[in-house]
Amino acid sequence: MELIKDFIFGGFPCRAAFYNKEELFPSDTALFVADGNTASLITRSGDAPEIILTPGEAHKQWSAIDRILQLAMNKGLARDSVICGAGGGVVTDMTAFAGSLYMRGCRVILIPTSLLAMVDAALGGKTGIDAGVYKNMIGSFYPAEEVRICPEILQSLPEQEYWAGMGEVLKTAILGDWEMMDLIRNNKEAVKARDPEILKELIRRCILVKGNLVEEDLREKGRRAYLNLGHTFGHALEAVSEFHWAHGLAVVWGMGKALDASVALGLADAPWAEEVKALFRDFGYTLDADESPDAMLQAMQMDKKKKGGRLRYIIPAGPQDIRIEFLEPDFVLEILKK
């Protein structure tokens, strides 16, 4: 085990650490949760997942939580029992949500197996499920006691899932670690080749940025909202496309729209915004979408990031210069049409 950092999230201790495959799965787990993509990983470790969820965002619904809770009760789990979730962001979100509900909170350990889950979804205590196509409308704040990370797993990650995760890495660089953006820019080929040392450093930096923000603001009353950069636009694209767009790819598209909005508001310099978007395109991300702008604007009204009934948008004004803006619907519609 190689410690990244011990955090305190709203009174909850949470350890983030690197593990090798041999020591990845905790021996005192009472219930393993996986999906069809990660069940074999657990089985090879000598354990067997008792809940195998259907992969994909479309299945992030209450029925999966009910399965976990019913089995926990049938097995007689106690409040100090460990539920361990191994998988991408969907699995880690649902495992932690179920753990937050069982006996008002049991022990949870998460093993993220996608890049997106390693750098974002598994850390920080946001748990939940979707309500139909509307993202994470039902959930809780309940940090896992430990997030165990094994970058070696990423070598077999499908190409789309890898780049979806890298979208969250790029987001984190813009909002909290511009030196990481330089590291990415100067090592493009190593990033594309999934160089283990580069990946480990990117994951470490992302966890430190996110963890420090969450320590300051677990329940997203202030600066933790910066982590939603690209998400208000991106979640609308996911909903309207019925999850045809992978989350991380939609976030990159959403960051493109947030950059366009920033330039239009007179916040970001146009050359800087174009430089960032050029890097996105160089990595193969698309900043164009065929979905209806009107439909996306309507979908945004279901977004959770409202204050006083008005929707907040996270806008990058420059490197590590993030603003929270209330934008008029007509302005947002024009940005969506660009």
*Could you put T43, T95 in order, starting from the residue whose Cβ has the fewest other Cβ atoms within 10 Å?*
T43, T95
_Between segment 194-223 and segment 104-122, how far is it from one alpha carbon centroid to the other, in angstrom?_
13 Å
_Distance cut-off 32 Å, Cα to Cα: go down the list K277/K306; K210/K307; K21/K221; K5/K337; K188/K307; K21/K305 and report the pairs above it._
K21/K221; K5/K337; K188/K307; K21/K305
*Descending semi-axes in whole angstrom, ellipsoid equivalent of segment 2-159, from the Cα gyration tensor*: 20, 18, 17
*asked:* Only sites in a loop by DSSP and with at most 10 other Cβ atoms within 10 Å count here; which trypsin sites (Lys or Arg not before Pro) in segment 37-137 make the cut?
replied: R79
*Restricting segment 212-314 to GluC sites (Glu not before Pro) in coil, as DSSP defines it, with at most 16 other Cβ within 10 Å*: E242
_Farthest positive-ward along the chain dipole, Cα basis, beta-carbon charges - from N228, P319, L183_ = N228
_Amide proton proximity set for E50, modelled H, under 5 Å, gap of 5+_ = F32
*Can you run the Rg to Rh ratio on the chain? Use alpha carbon positions and the Kirkwood inverse-distance Rh.*
0.95
*Which loop-located chymotrypsin sites (Phe, Trp or Tyr not before Pro) does segment 235-310 contain, where loop means any DSSP state but H, G, I, E or B and the Cβ has at most 16 other Cβ atoms within 10 Å?*
F283
*Assign one of three labels to segment 245-338, namely rounded, prolate or oblate, based on the Cα gyration tensor with a ≥ b ≥ c the square roots of its eigenvalues; rounded applies when a/c is under 1.5, prolate when it is not and a/b is larger than b/c, and oblate otherwise.*
oblate
*Once the Cα atoms of helix 270-282 and of the chain are each reduced to a long axis, what angle between those two axes, in degrees from 0 to 90 to the nearest 10, is obtained?*
50 degrees
*Order by neighbour count: M166, M1, fewest other Cβ atoms within 10 Å first, most last.*
M1, M166
*Sum -39500 (n - 2.57) across every DSSP H segment of at least 4 residues in the chain, then divide by the residue count to get the 222 nm mean residue ellipticity, nearest 500.*
-13000 deg cm²/dmol
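Laboratory data are not the source of any read-out in this text; all were calculated from the coordinates shown. Predicted, not measured: the structure shown is a model, and the values here were computed from it. Here the Cβ is made from the backbone with ideal geometry for all residues, glycine too, and neighbour counts use every protein chain on show.
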